[in-house]
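Asks: Please read through the structure below; I'll follow up with questions.
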Amino acid sequence: MNNSIVLNVEHLHIRVSTPQGMKKIVNDVSFQLKKGEVLGLVGASGSGKTMTCLAIMGLLQESAIIEQGSIHLGSRNLLQLNANQMRSMRGKELAVIMQNPMSAFNPTITIGNHFIETLRAHGSFSRVEAHEMAVTYLAKTGLPHPAKIMDQYPFQLSGGMLQRVMIAIAMSLQPAVLIADEPTTALDSVHQVKLLEQMYLLCQEQNTAMLLVSHDLGVIAYMADEVMVMNNGRVVEKAPVAKLFDQPEHPYTRMLLEARPGMGTAIPEYEQPEVR
């Protein structure tokens, strides 16, 4: 395996039990993530994006069955690990940022305690060391007065601030892979750009590979090195971001691009962030 490849998904097939019987949700999906690179994953609801991510994280519901395939993080096949082994991988090697930050936090626990508990659960940090690292990473995401934020509760922060806290917690353990599932859905365009820049900078600084899931093609164009398009559980196209937007080959890809108001097949205006 190429040394720059950190995650290798091969021939993944997933079926889900439904009232109408077993339904194939993910059909022969293969892709790789490389150190420091961003792979954008796009497709309509039900295309298999989220199921693919849940399979990587080992968080599929019992109704979902992986029929075939492998998911290698480095040399380890994640599908062969038991629940405890996968739990130790999540956070430390595999990190995830969800689209609803408020649901990720206990409203009765301060941001500082959330952060410190996470660090100490995955590493041999004293409380003082964990506190210092938490403040450092909150500052890295552009949050003002990080020491003050440590003493605040989730409901005292805006959605954008909580997203930055989630990024800080996720990146503080320097994971090999970061899965970002619709990370900017609840934010306006100005806050989207700032958040994306911080995510990209941290991934570059730590050589973390990112799988960025989004329905927003502007976000994908802004962040991704390569783009993978899914439809009905299959990967229908995968290409470097500029090529995919300029010369989409699959009819479904062209439909997605043309469906975005005022976009056509052109790359959005803010496709080139200053951090790149």
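The values are calculated or read from the model by the stated rules, or taken from the named source; none is laboratory data. Note that the structure is predicted; figures quoted are calculated from it, not measured. Note that we place each Cβ from the backbone using ideal geometry, even for glycine, and neighbour counts take in every protein chain shown.
Asks: List pairs: first in region 109-123 and over 10 Å from ALA134 (Cα atoms), second of a type in the set (Lys, Arg) and modelled with pLDDT under 95, Cβ under 6 Å, 6+ apart or cross-chain?
Replies: HIS122/LYS92
Asks: Consider LYS194 carefully, then state whether it is at pLDDT 90 or above, surrounded by fewer than 23 Cβ atoms within 10 Å (Cβ to Cβ), out of contact with any His (no Cβ under 6 Å at 6 or more places or on another chain) and over 19 Å from PRO240 (Cα atoms).
Replies: no
Asks: Could you go through region 229-246 and let me know if any residue there is farther than 21 Å from GLY46 by Cα, within 15 Å of the chain's Cα centre (by Cα) and not aromatic (Phe, Trp, Tyr). Step through it out loud before you land on a result.
Replies: Looking only at region 229-246, we keep the residues that are farther than 21 Å from GLY46 by Cα, and these are 239-246.
Keeping just the survivors that are within 15 Å of the chain's Cα centre (by Cα) gives none.
No, that holds for no residue.
Asks: Which helices (runs of 4 or more DSSP H) sit wholly inside region 88-149 and have at least 3 residues that are in the same structural domain as MET166 (by TED's automatic domain parsing) and surrounded by 15 or more Cβ atoms within 10 Å (Cβ to Cβ)?
Replies: By residue number, 111-122, 127-140.
Asks: Residue by residue through region 5-35, note down the ones that are more than 18 Å from HIS72 (Cβ to Cβ) and surrounded by 15 or more Cβ atoms within 10 Å (Cβ to Cβ).
Replies: Residues satisfying the conditions are ARG15, VAL16, LYS24, ILE25, ASN27.
Asks: May I pose another question? Do any residues in region 128-144 that are of a type outside the set (Phe, Trp, Tyr) have Cβ atoms under 7 Å from those of residues that are exposed (fewer than 15 other Cβ atoms within 10 Å of the Cβ) and at pLDDT 95 or above, where the two are at least six apart or on different chains, and which pairs are they?
Replies: Listed by first residue and then by second, the contacts come to VAL135/ALA147.
Asks: Ok, one more. Could you tell me whether any residue of region 16-35 is among the basic types (Lys, Arg), outside any helix (DSSP H, G or I), at pLDDT below 95 and under 14 Å from GLY233 (Cα atoms)?
Replies: For region 16-35, residues among the basic types (Lys, Arg), outside any helix (DSSP H, G or I), at pLDDT below 95 and under 14 Å from GLY233 (Cα atoms): present.
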